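Accompanying notes for the structure given below.
Only the coordinates and a few stated rules stand behind these numbers; no lab work does. None of these values were measured; they are calculated from a predicted model. Heads up, the Cβs are rebuilt from the backbone with ideal geometry, glycines too, and the neighbour counts pull from every protein chain shown.
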Amino acid sequence: ILQFSSTAMTLMHTVLTATLLSRNVIVSSAFYSPSSVARSTSLRMSSSDAKRVLVPIADDSEEIETACITDTLTRFGASVTVASVKPDGELVCKMSRGIKFMADTTIDAAAKGEWDLIALPGGMPGAEHLRDSVPLISLLEKQRDAKKTYAAVCASPAIVLASKGLLPEDSATCYPAPGFREAIKEKLGDDDL
């Protein structure tokens, strides 16, 4: 389970700073401090107009993409919920490189909510697990029908969105593996990839 104490975060910041400085990269001291995280968290949580974002994950989802999606959106004030699509309701997902992430909820529970955005990470075969989640596909279809936003990166545009008829009509992109590109081209054509 990915959890860090403030001491561990300070240690990671120190190691990262030393690494970057040794490569002549300038590092701001504001990169991480427990007090800045606490301030941003309290500001975020007090905002009643925060956008609600769902990030579904599965075993073998890509951990960097999952972390980047959740971290970036949280830093910009979104209320991000990570949902496991594992059919047994298990919240812990073993990601593509073996790191374990604990979801906030199950996809079945998340399907009862309303979302401003649903953002899918990639990773294989994680994207296939997302594609095979009936509650997730129902949520994505509901987003599309309500003209609400949904997004996917890496393998997920081809594996999830293209296979379920959920690509936008004008253009899409994906990880440039030939099979993924072909799935997008098949739905949109060469000019829209």
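Odds and ends about this structure:
- Estimated FRET transfer efficiency when R0 is 30 angstrom, pair D108-R75 (beta carbons, to 0.05): 0.60
- Annotation: amide H of Y150 within the under-5 Å range of I118, sequence separation 5 or more or interchain, hydrogens built in the peptide plane.
- Relative to the current alpha-carbon distance between D170 and V134, full extension at 0.36 nm per residue lengthens the span by 10.4 nm.
- Length gained when the stretch D145-R52 is fully extended (0.36 nm per residue, less Cα-Cα span): 31.7 nm
- Restriction of the GluC sites (Glu not before Pro) in segment 108-177 to DSSP coil positions whose beta-carbon has at most 12 other beta-carbons within 10 angstrom yields E114, E169.
- The listed peptides 52-61, 80-89, ordered by packing as a protection proxy, come out as 52-61, 80-89 (highest mean of other Cβ atoms within 10 Å first).
- 3J(HN,Hα) along segment 157-168: x, 7, 6, 8, 5, 5, 5, 10, x, 10, 5, x Hz, from the Karplus curve 6.51 cos²θ - 1.76 cosθ + 1.60 with θ = phi - 60°, whole Hz, x for Gly and Pro.
- Modelled spin-label separation between D88 and A177, with each label point placed 7 Å from Cα along the Cα-to-Cβ direction: 2.5 nm.
- Remark: for residue pairs K51/K147; K51/K100; K112/K147; K94/K164; K100/K142, the C-alpha separation exceeds 20 Å in K51/K100; K94/K164; K100/K142.
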